[in-house]
Amino acid sequence: MRFGVPHRHFRSTDSTNTRARELAEGGAPHGTVVTAAEQSEGRGRQGRGWTAPPGKALLYSAILRPLDQRHLLLPLAVPLAVCEVAEELEAGVECRVKWPNDVWVEGRKLAGVLIEAGSNGWAVIGVGLNLAVEPLDLPPELRETATSLAGGASAQQAREALDARLDRWVEADADSILAAWRGRDALRGREVAWEGGSGVAAGIDDRGRLVVATAGGDRVVLGAGEVHLRP
């Protein structure tokens, strides 16, 4: 199940995920990849935007089809692929994953993943990976929380590496995905908060849900949403 063929590249578009969704709805085959040098309406999780200076990030969306029971852990598998790409592109980088699927380096966000499923058995895998972003390229509110690779890798190198890594991780078995993800868990043992509660992150269960131990001794399982580190 090869990713990267066919490949469509835009100098500028609103969102690579939007373009890929249109292609998927029109019957584009598995493995179709859409990239852009610049996007004006990039999307992240929870309805947030994704900001990237022109030509300084990999803006990537791939079509997966058919989407079926083998892909229940897809939201965990994709950030593992991104971690391996970043570590391949720049020596010395060590990536972690903040549940559910943000890629961190030294506590700062390097990449984000947005997966959108269609009603006809397909999904679009969206990835934004900072390659050469300087702090002043970012809005002020992101300068303390975002980071970038600095090894000089091109978007083409990053795309080809991600194509190959997705080939592996999208079809990986559940045990391999869970073991690798747990080895990169950025939250385990740290105090976290979410809308409605707080506690200490205690890893993920076999369905990829975040387990949190509360001060009262309860264990809360979060299947979706957003959590934040507590100061």
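If R0 equals 25 Å, the separation of the Cβ atoms of SER119 and ASP167 corresponds to a calculated FRET efficiency of about 0.50.
To the nearest 0.05, what FRET efficiency results for GLN156 and ASP218 with a Förster distance of 35 Å applied to their C-beta separation?
Values: r = 49 Å, r/R0 = 1.40.
Once rounded, the FRET efficiency stands at 0.10.
Between the alpha-carbon centers of segment 114-174 and segment 190-206, tell me the distance in whole angstrom. Value for the Cα centre distance between the two parts: 25 Å.
Backbone geometry of segment 158-172 corresponds, through the Karplus equation with coefficients 6.51, -1.76 and 1.60 at θ = phi - 60°, to 3J(HN,Hα) couplings of 5, 4, 5, 5, 5, 3, 5, 5, 5, 3, 6, 6, 5, 9, 5 Hz, x marking Gly and Pro. Here the Gaussian network model covers the chain, with springs between Cα atoms less than 10 Å apart; of PRO75, PRO139, PRO100, PRO139 fluctuates the most.
Backbone phi angles across segment 77-85, fed through the Karplus curve with coefficients 6.51, -1.76 and 1.60 (θ = phi - 60°), yield HN-Hα couplings of 5, 5, x, 5, 4, 5, 4, 5, 4 Hz in residue order; Gly and Pro are listed as x. Pull out a ≥ b ≥ c, the square roots of the eigenvalues of the alpha-carbon gyration tensor of segment 126-231, then state rounded if a/c is under 1.5, prolate if not and a/b is larger than b/c, and oblate in the remaining case. Oblate shape, in that a/c is at least 1.5 and b/c is the bigger or equal ratio. Geometric descriptor of the chain, per residue, is 121 Å³ (volume of the convex hull of the Cα atoms). Using a Gaussian network model of the chain in which every pair of alpha carbons under 10 angstrom is joined by a spring, one finds that among ARG19, ARG207, ARG65 the greatest mean-square fluctuation is at ARG207.
Per-residue extension of 0.36 nm, minus the Cα-Cα distance of GLU191 and ARG70, leaves a gain of 40.3 nm for this segment.
Out of ALA174, ALA52, ALA215, any idea which swings most in a Gaussian network model of the chain, alpha carbons joined below 10 Å? Of ALA174, ALA52, ALA215, the most mobile in the Gaussian network model is ALA215.
Read the figures in this text as sums done on the coordinates, not as results from a lab. Everything numeric here is computed off the predicted structure, so don't read it as measured data. Note that we place each Cβ from the backbone using ideal geometry, even for glycine, and neighbour counts take in every protein chain shown.
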